[in-house]
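> Quick one: the structure is below, and I'll ask about it shortly.
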Amino acid sequence: MASPNRRDVMLGGGVAALAAWGAGQAQVLKPAIVEDSGASLRARAAQRRLLYGAATSTYQLGQSDFAGALAREAGILVAEYEMKRDAIEPVRGQYDFAAADALAQFAHVHGMAFRGHTLVWHASNPRWLDAAAFAARDERLLTSYISAVAGHFRGRLQSWDVVNEVLLPKDGRADGMRLSSWLSAFGPSYVDLAFHAARAADPHALRVYNDWGCEGGAPENDTFRRATLRFLETLLERGVPIQALGLQGHLAAFGSKVDQKKLRTFLDEVRAMGLKILVTEHDVDDSGGPSDIALRDRAVADASRRFLDVVLDNSATIAVLTWGLSDRFLDAPGFRAVLSGYRPRMLPLDADLARTPMWSALASAFDQRR
Ligand code: G3I
């Protein structure tokens, strides 16, 4: 689900802050001041043998009030974009780990876990990784990158999204796989290559296949769930060392609702395969509904709770991450937020870092986990 959206447009501010970050790198690494006003999501999750955390960036960590809120609420971090290939290997064979290491260091300083996103994806690849590069069909295009990057973070990560968004049933293949440069260059076994290379480079990080499309109640979600189960079974039959399924968890407050019965059955089958389950990118898009904030917040919280109650009822679920902690970083000038006076409210903290009804939904979902 990499179509450009609000998040993809966070440009200008990011540049300035990244430059400031580069100059004043120490500021990012300074421990954030953590006020704890009531049991945080991090604490509540930990009491139920769960990790709760969020996606973030060095740009966000440059804002000290936000860094403090993140240190309070999150027990695991993931890079929103600074561990993708276009950020890590902008020039072929030249790796830039500075931003990712800063995020890993922030997590370390605050006793948080850290997860990698993502080693292989059809999007966010550097410009040099073009048709010509793929046409050579040299598996090292995949395996050397994984060895270098997963090797660099060896022993420091809780998990890796080894491959991201591999399936897209509407592309029409019998196996439901997405038509991508990786698939056309190496065939379906590019996934096998990736998982084996990831295990060799870092056997400590849980190896996750991450995707969207299994949460909703629409017919295409039924198709997605069937394709996902078949895909996972096939990988396991081929001896692919996959250990977990990542459910991105991007929901819509005013769109197709989670079908709890279908989701529960699906997740039971995933657990029966011996796989762990992580919610990796949870947020609830509140566009398309009334403008009244209280109504939007309520719908967001209800959608999140409807989803989490099922996911957390499965003993294989080990982590929930939201795709950001605060709405502060969601919109950008000149985008929908400004054009229609609409500020998105999709995450546990609002733009002023106040806890939202979604925060309460997460908190009570964690508290009520058996
Ligand atoms: O910060 C740089 C800036 O310095 C530079 O000038 C500018 C122009 O190149 O790019 C800025 O980085 C952008 C970054 O977001 C920060 O805003 C990247 O171009 C842009 O591609 C990146 O978009 C990310 C997108 O994935 C593609 O990687 C979004 O932040 C991120 O939220 C989104 O996340 C994806 C998951 O990885 C997979 N699942 C879907 C999810 C949402 O689309």
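> Okay, helix-only estimate at 222 nm for the chain: each DSSP H run of n ≥ 4 adds -39500 (n - 2.57), divide by all residues, round to 500 deg cm²/dmol; what do you get?
-12500 deg cm²/dmol
> Mind listing the long-range amide H neighbours of residue 206? Cut-off is under 5 Å, sequence gap 5 or more, other chains count too, H placed in the peptide plane at 1.01 Å from N.
Under 5 Å from the amide H of residue 206 lie the amide H atoms of 159, 160, each far enough along the sequence or on another chain.
> Does the chain come out rounded, prolate or oblate by the C-alpha gyration tensor, with a ≥ b ≥ c the root eigenvalues, rounded set by a/c under 1.5 and, if not, prolate when a/b is larger than b/c and oblate if not?
rounded
> Let me ask something else about it. I'd like to check one number: the per residue accessible area of the chain, probe 1.4 Å, reported in Å² as a whole number.
40 Å²
> Can you classify region 83-194 as rounded, prolate or oblate using the Cα gyration tensor, where a ≥ b ≥ c are the square roots of its eigenvalues, rounded means a/c under 1.5, and otherwise it's prolate if a/b beats b/c and oblate if not?
Prolate, since a/c reaches 1.5 and a/b exceeds b/c.
> Between residue 229 and residue 200, what is the label-point separation in nm under the 7 Å Cα-to-beta-carbon projection?
Between residue 200 and residue 229, the label points sit 3.4 nm apart.
> Place a point 7 Å from the Cα of residue 260 along the Cα-to-Cβ direction; which residues of region 286-330 have their backbone N under 17 Å from it?
Once the point is set 7 Å along Cα→Cβ of residue 260, 299-315 turn out to lie under 17 Å by backbone N, inside region 286-330.
> Follow-up question, since we're still on this one. Starting from the Cα-Cα distance between residue 189 and residue 315, subtract it from 0.36 nm times their residue separation and give me the gain in nm to one decimal.
The span from residue 189 to residue 315 would gain 42.3 nm if fully extended.
> I'd like the FRET efficiency for residue 139 and residue 293, computed as 1/(1 + (r/R0)^6) with the beta carbon distance as r and R0 of 41 Å, rounded to 0.05.
E between residue 139 and residue 293, to the nearest 0.05, is 0.20.
> When the convex hull of the C-alpha atoms of region 256-317 is computed, what volume per residue in Å³ does it have?
Convex hull of Cα atoms, per residue: 78 Å³.
> While we're here: To two decimal places, what compactness ratio does region 131-277 give when its Cα radius of gyration is scaled by 2.2 N^0.38 Å?
Dividing the Cα radius of gyration by 2.2 N^0.38 Å gives 1.08.
> Collect residues whose amide H, placed 1.01 Å from N in the peptide plane, falls under 5 Å from the amide H of residue 276; neighbours closer than 5 in sequence don't count.
For residue 276, the qualifying residues are 244, 245.
> When the accessible area of the chain is split by element with a 1.4 Å probe, what percent falls to carbon and sulfur?
53 percent
> Just to confirm my numbers, what's the Cα centroid distance between region 216-277 and region 65-106 in Å?
27 Å
> Taking 0.36 nm per intervening residue step and subtracting the Cα-Cα distance, what contour gain separates residue 218 from residue 105 on full extension?
36.6 nm
> Find the eigenvalues of the gyration tensor of the Cα atoms of region 152-211, then list the square roots of 5 times those eigenvalues as equivalent ellipsoid semi-axes, largest first, in whole angstrom.
After scaling each eigenvalue by five and taking roots: 25, 12, 8 Å.
> Further question: I want the antiparallel fraction of DSSP beta bridges within the chain, as a percent rounded to 5.
10 percent
> Could you compute Rg(Cα) / (2.2 N^0.38 Å) for region 30-143, with N its residue count?
It is 1.28.
> How large is log10 of I(q)/I(0) for region 204-281 at q = 0.14, 0.17 Å⁻¹ when the intensity is taken from the Debye formula with one equal scatterer per alpha-carbon?
-0.43, -0.63
> Could you order 237, 220 by accessible surface area, starting with the largest, using a probe radius of 1.4 Å?
237, 220
> Continuing with this model, one more query. Show 84, 257, 170, 276 ordered by accessible area, largest first, where the area counts protein heavy atoms only and the probe is 1.4 Å.
Listed by decreasing accessible area, they come as 170, 257, 276, 84.
The values are calculated or read from the model by the stated rules, or taken from the named source; none is laboratory data. Keep in mind the model is a prediction, meaning the values are calculated, not measured. Neighbour counts are summed over all protein chains in view; Cβ atoms, including those assigned to glycine, are modelled from backbone coordinates with ideal geometry. Ligands, DNA and RNA are stripped out before the accessible areas are found, and what is left, the full protein with its side chains, is counted by its heavy atoms. Shrake-Rupley method; radii C 1.70, N 1.55, O 1.52, S 1.80 Å.
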